[in-house]
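Below is one structure, written out as structure tokens, with a few remarks after it.
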Amino acid sequence: MIKGIKTILALPFEDFFSGLESCFSRFSPLYIIALIISFLASWWIYVPLHELGHALGCILGGGTVSELEISPMYGASFLKEIFPFISVGSEYAGQLTGFDTRGSDLIYLLTDFFPFLLTIFIGVPLLRSAAGSRPLSAAVKLGLGLPIAFAPFISFSGDYYEMGSIIISKIANLISPAIGITRWRSDDVFKLAGEIFFNGNPYGITDVVGVTLSFLLGIVLIYVTYMLGVVWSRILFGFSKKASQ
């Protein structure tokens, strides 16, 4: 069992290095340039799509969206012409600041998780398909796939902590309503830790346990997301092989 867990933990990084090995099986500056350009293009496109995914998840779940902040460098001014709820400028690359889940934790979870469907259906298959490809093709696939496939890992302290905290706080509230349901919830665990533990607030061991469990559950959810991408990749590649026969 321990060996299986280690295999799962290492898999995303093995996929990356396998793709990198294919990319540089024959060294050429062209492959490096292709990798960098593909990565930057993917990142620039993915960031606003990710933030719009949060808004779409909320709306599809039955909630409402009033404000989505996006940094100007990601085309916020252009996107505002299409989506009126977009606000130009953000403390982060983007952040859904105005939304109403109607008190539903399921809508809240869908709002957080919806953008990561891109990881499952696009990012992980692209990343894994780089291995075994010709160098130029591997460079492009790797560059395009990296930001999307590793988005959950980048979001360990944000969206995935928040998902973990929604679930843990809900369980805690069912066990003991006196514990409270919202104070562990945040889309920035470092900011939350500062507010809870370093501002003289009267919080104790319950909060330490709650935040820690929320963080750990978030990490588990990251790997669940990636493994769903692996399963989809195998299905997709299986269809591709049958079609080519």
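The values are calculated or read from the model by the stated rules, or taken from the named source; none is laboratory data. Because the structure is predicted, anything quoted here is derived from the model rather than measured. Cβ: placed from backbone, ideal geometry, glycine included. Neighbour counts: every protein chain shown.
Considering (1) closer than 25 Å to M163 by Cα; (2) surrounded by 13 or more Cβ atoms within 10 Å (Cβ to Cβ); (3) in contact with a helix residue (DSSP H, G or I) (Cβ under 8 Å, 6 or more places away or on another chain), say which one L60 fails and leave the rest.
(2)
Considering region 92-132 alone, what residues qualify as being among the acidic types (D, E) and either closer than 12 Å to G53 by Cβ or within 18 Å of the chain's Cα centre (by Cα) (or both)?
Hit for region 92-132 is D112, nothing else.
Among (1) surrounded by fewer than 17 Cβ atoms within 10 Å (Cβ to Cβ); (2) polar (S, T, N, Q); (3) out of contact with any Ser or Thr (no Cβ under 9 Å at 6 or more places or on another chain), there is one condition S66 misses while meeting the rest; what is its number?
(3) is the only condition that S66 fails.
Look through K6, K80 and report the one residue that is at pLDDT below 95, surrounded by 13 or more Cβ atoms within 10 Å (Cβ to Cβ) and among the basic types (K, R).
Values: K6 fails: surrounded by 13 or more Cβ atoms within 10 Å (Cβ to Cβ).
That would be K80, the only listed residue that is at pLDDT below 95, surrounded by 13 or more Cβ atoms within 10 Å (Cβ to Cβ) and among the basic types (K, R).
Taking I32 as the residue in question, decide whether it is closer than 19 Å to S129 by Cα, over 22 Å from the mean Cα position of the chain (by Cα), of a type in the set (A, V, I, L, M) and in a helix (DSSP H, G or I).
Criteria met by I32.
Yes or no, residue by residue, for (1) in contact with a Phe, Trp or Tyr (Cβ under 7 Å, 6 or more places away or on another chain); (2) buried (at least 21 other Cβ atoms within 10 Å of the Cβ); (3) more than 15 Å from F237 (Cβ to Cβ); (4) of a type in the set (K, R):
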residue: T111; (1), (2), (3), (4): yes, yes, yes, no
residue: F121; (1), (2), (3), (4): yes, no, no, no
residue: A130; (1), (2), (3), (4): no, yes, no, no
residue: A139; (1), (2), (3), (4): yes, yes, yes, no
residue: P147; (1), (2), (3), (4): yes, yes, yes, no
residue: F150; (1), (2), (3), (4): no, no, yes, no
residue: S155; (1), (2), (3), (4): no, yes, yes, no
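Just name the residue that is nearest to L126 (Cα to Cα) out of those in region 15-29 that are without any contact (Cβ under 8 Å) to a residue 12 or more places away in the chain and part of a helix (DSSP H, G or I).
The selected residue is F17.
What do you reckon, is D112 closer than 30 Å to K170 by Cβ, charged (D, E, K, R) and touching a His at 6+ places or on another chain (Cβ under 9 Å)? Give the derivation first.
Working: closer than 30 Å to K170 by Cβ: yes; charged (D, E, K, R): yes; touching a His at 6+ places or on another chain (Cβ under 9 Å): yes.
Answer is yes for this residue.
Scan S42, S38, S77 and give me the residue that is assigned to a helix (DSSP H, G or I), farther than 25 Å from K191 by Cβ and in contact with a strand residue (DSSP E or B) (Cβ under 8 Å, 6 or more places away or on another chain).
S77
Which one of these is small (G, A, S) and touching a Cys at 6+ places or on another chain (Cβ under 9 Å): A76, A41, A34, A93? Can you show your working first?
Values: A76 fails: touching a Cys at 6+ places or on another chain (Cβ under 9 Å); A41 fails: touching a Cys at 6+ places or on another chain (Cβ under 9 Å); A93 fails: touching a Cys at 6+ places or on another chain (Cβ under 9 Å).
So the residue among A76, A41, A34, A93 that is small (G, A, S) and touching a Cys at 6+ places or on another chain (Cβ under 9 Å) is A34.
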